[in-house]
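Data block below; observations after.
The values are calculated or read from the model by the stated rules, or taken from the named source; none is laboratory data. This one's a predicted model, so the numbers in the text were calculated from it and none came from an experiment. Backbone-built Cβ (ideal geometry, glycine too); neighbour counts: all protein chains shown. All accessible areas refer to the heavy atoms of the entire protein, side chains included, with ligands and DNA or RNA removed. Shrake-Rupley method; radii C 1.70, N 1.55, O 1.52, S 1.80 Å.
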Amino acid sequence: MAEQRKRMTIAENCMGCLACEAACKQEHNLPVGPRWIRVFPDIRQTGGTWRFNYHVTECVHAAPGPCQVACPAEMNAWKYVNLALLGKFKEALEVIRETTPLAGVLGSVCTRPCESQCERGHDDAPVGIRALKYFLADHEMQVGRKKETPVQTTKDAKVAIIGSGPAGLSCAYDLIKQGYSITVFEARSQPGGLMRTGIPDFRLSRDMVDNEISYIEELGVDIRTNTPVENVTDIFDQGYAAVFLATGCPTSLKLDIPNEDAKGVVYALDFLDRVSSGGSVSLGKQVAVIGGGAAAIDAARVCLRLGAKEVHLVCLESRDLTCKDRMIAQACEIEEAEEEGLIIHPGLGPKRILTKNGRVAGLDTVLCTSVREIDGTFAPEYADGPSATVEVDTIVVAIGQAPEAPAFTELDKDQAGTIGVDGFTLKTSVEGVFAGGDVVSGPSDIIGAIAAGKEAAVSIERSLSGKDLKAGRSVNFRLLNGAPLEAASINRVMDIADKEVAIAEAARCFNCGTCGEALDTGFQTACVGACPAHCIYFPDTWGITAKTGTYTLT
């Protein structure tokens, strides 16, 4: 990522002509109102004489766009959005693939941290970055994608990836491009992890998942399905020099309340898996889904599509998405579910499952007064007294996920069963073994898993090359603890149906990355070029002569 650069000014030379402000406004497609440069006069006494001095406000935009900074995988959204504006859809997709091959997956289900920081959102609503990403991936599928040429293997070391979800595939993708021989071991019959089994098809097309995994395989990644791995010793015995564990959190947590073993109680991951694989699913007319996260919302919407007459969502969290106890699911997902008929019961926890002849007959609840502490720690508090009883005949439990407990016992783990890693490098307690994604952070989002896979690829390449694993790196707490829970932001949920809509949406971008891109490639920014008094410069571009106050191009 390009580094932040500080713009400097020679205040004595400024004439207050506003040329820099006009150039900036034009360069960044700014509407009337917001300006990133502000020139203002200041009256001060200099040498016994009062005179005007003009000051140019500090600029913080000579860096990557805020969308790129916000992305855990550091994807250059500004660059591909502006290529889309020019109708260069193939080139725009290639920019995304500099970071990840999973453009369509992210275009479907990314949690959009980039949009939460989009400068356009301060004016009206963020650019539909996720929607543009999906359009680019879908457009390629529609016109037909040319089969990729395999990457030539140039390194002797073989690397094993265990798990074919977004973290594992991302690590494999980055390492195959560097010339390593990569094998991905997948326990299930098809690759993709929870992208395939845990997200409904109406949110993430299986055709899109298949297309993007095929792209990775065409590069030369060997994905071996129906090949479970339970310890790393077996992998090293096969001649692999490094291992990346990306097995995720495939186990649903249980409620641990009375009558949980009754007929009619199912768990979200098993339920979604059965539906996605075409298996038979029997639901009653009235369903309760317990949980407030994405899996709970997905399960509820699937139940509605399967014909349930009423679907109730019972969750500890608040429906107010601006408070610390907000539901974990994305605002747009919750709103869409409500539009489809979901009935939400916030602030309630499961107390006891009611049964009749061994089958679910209802759910007794308890009032929840607080879900999290101020720092986000999950610490629910409950109130005594009467609470609601929900009459249902099926209960779907979606209160969280965990790694598979019996696997990889040789590695250090925490109380939740997640694998312990070094915060800088994702290195585990076993030499040559790295881990990332949900198996480290607990259940999180796909863009975070992709970032973890990329970070692990850096560590593995350094390890195999004999380089320092920590030099120049910092701890990324997001990769260790999952996505931060933020208050709801303004998101522009949209579908991009054709080229014209894509170009129009891309045109809304304020071009935040223009200045950083210019400096990276050796060009001046618009404000520097426009200033007739030559009083604006960047330290990387202009050198100041201390005695004379003049500058020279370095």
Taking region 198-232 as the search range and keeping residues that are among the polar types (S, T, N, Q) and modelled with pLDDT of 95 or more, which one is most open to solvent (accessible area, probe 1.4 Å)?
Asn226
Over region 237-279, the set of residues in contact with a strand residue (DSSP E or B) (Cβ under 7 Å, 6 or more places away or on another chain) and at positive phi is Gly239, Asn259, Gly264
Yes/no for Gln190 being without any contact (Cβ under 8 Å) to a residue 40 or more places away in the chain and not β-branched (Val, Ile, Thr):
yes
Of the conditions (1) free of Cβ contacts under 8 Å to residues at least 24 places away in the same chain; (2) within 29 Å of Ala167 (Cα to Cα); (3) not in a helix (DSSP H, G or I), the single one that Asp270 does not satisfy is (3)
Step by step: first the residues of region 77-92, then only those that are buried (at least 23 other Cβ atoms within 10 Å of the Cβ) and closer than 26 Å to Leu175 by Cβ, then the one that is nearest to the chain's Cα centre (by Cα). Which residue is that?
Ala77
For region 364-391 the number of residues that are in contact with an Asp or Glu (Cβ under 8 Å, 6 or more places away or on another chain) and over 30 Å from Val440 (Cβ atoms) is 3
Search result, residues across region 410-440 that are surrounded by 15 or more Cβ atoms within 10 Å (Cβ to Cβ) and of a type in the set (S, T, N, Q):
Thr418, Thr425, Thr428
State the number of residues belonging to region 40-63 that are under 24 Å from Cys509 (Cα atoms) and touching a Phe, Trp or Tyr at 6+ places or on another chain (Cβ under 7 Å).
3
Only strands (runs of 3 or more DSSP E) wholly contained in region 323-395 count here; list those with 1 or more residues that are touching a residue at least 12 places away in the same chain (Cβ under 8 Å), under 24 Å from the mean Cα position of the chain (by Cα) and farther than 21 Å from Lys309 by Cα.
359-372
For the structure I just gave you, tell me whether Pro484 is closer than 30 Å to Lys6 by Cα, under 21 Å from the mean Cα position of the chain (by Cα) and assigned to a loop (DSSP other than H, G, I, E, B).
yes
Do we have Ser318 as more than 30 Å from Pro386 (Cα to Cα) and either under 26 Å from the mean Cα position of the chain (by Cα) or open to solvent by less than 20 Å² (accessible area, probe 1.4 Å) (or both) here?
no
Expected single match for of a type outside the set (D, E, K, R), open to solvent by 40 Å² or more (accessible area, probe 1.4 Å) and at pLDDT 85 or above among Ala506, Ala497 is Ala497
Output the residue which, of all residues in region 261-273 that are of a type in the set (D, E, K, R) and surrounded by 15 or more Cβ atoms within 10 Å (Cβ to Cβ), is nearest to the chain's Cα centre (by Cα).
Asp273
What's the total number of residues in region 388-398 that are of a type outside the set (Val, Ile, Thr) and surrounded by fewer than 18 Cβ atoms within 10 Å (Cβ to Cβ)?
2
I need the full set of residues from region 399-409 which are farther than 30 Å from Ile343 by Cβ, open to solvent by 30 Å² or more (accessible area, probe 1.4 Å) and not small (Gly, Ala, Ser), in order please.
Glu404, Pro406, Thr409
Scanning region 200-259 for residues that are touching a helix residue (DSSP H, G or I) at 6+ places or on another chain (Cβ under 8 Å) and part of a strand (DSSP E or B), the one farthest from Thr111 (Cα to Cα) turns out to be Ala242
Can you pull out every residue in region 291-333 that is β-branched (Val, Ile, Thr) and closer than 24 Å to Gly264 by Cβ?
Ile297, Val302, Val311, Val314
If you take the residues of region 101-147 that are at negative phi and free of Cβ contacts under 8 Å to residues at least 12 places away in the same chain, which of them is nearest to the chain's Cα centre (by Cα)?
Asp124
Failed item, numbered, when Leu102 is tested on (1) surrounded by fewer than 24 Cβ atoms within 10 Å (Cβ to Cβ); (2) under 20 Å from Val81 (Cα atoms)
(1)
Options Glu58, Glu74: the member that is in a loop (DSSP other than H, G, I, E, B), open to solvent by 70 Å² or more (accessible area, probe 1.4 Å), in contact (Cβ under 8 Å) with a residue 12 or more places away in the chain and more than 30 Å from Ser170 (Cβ to Cβ)
Glu58
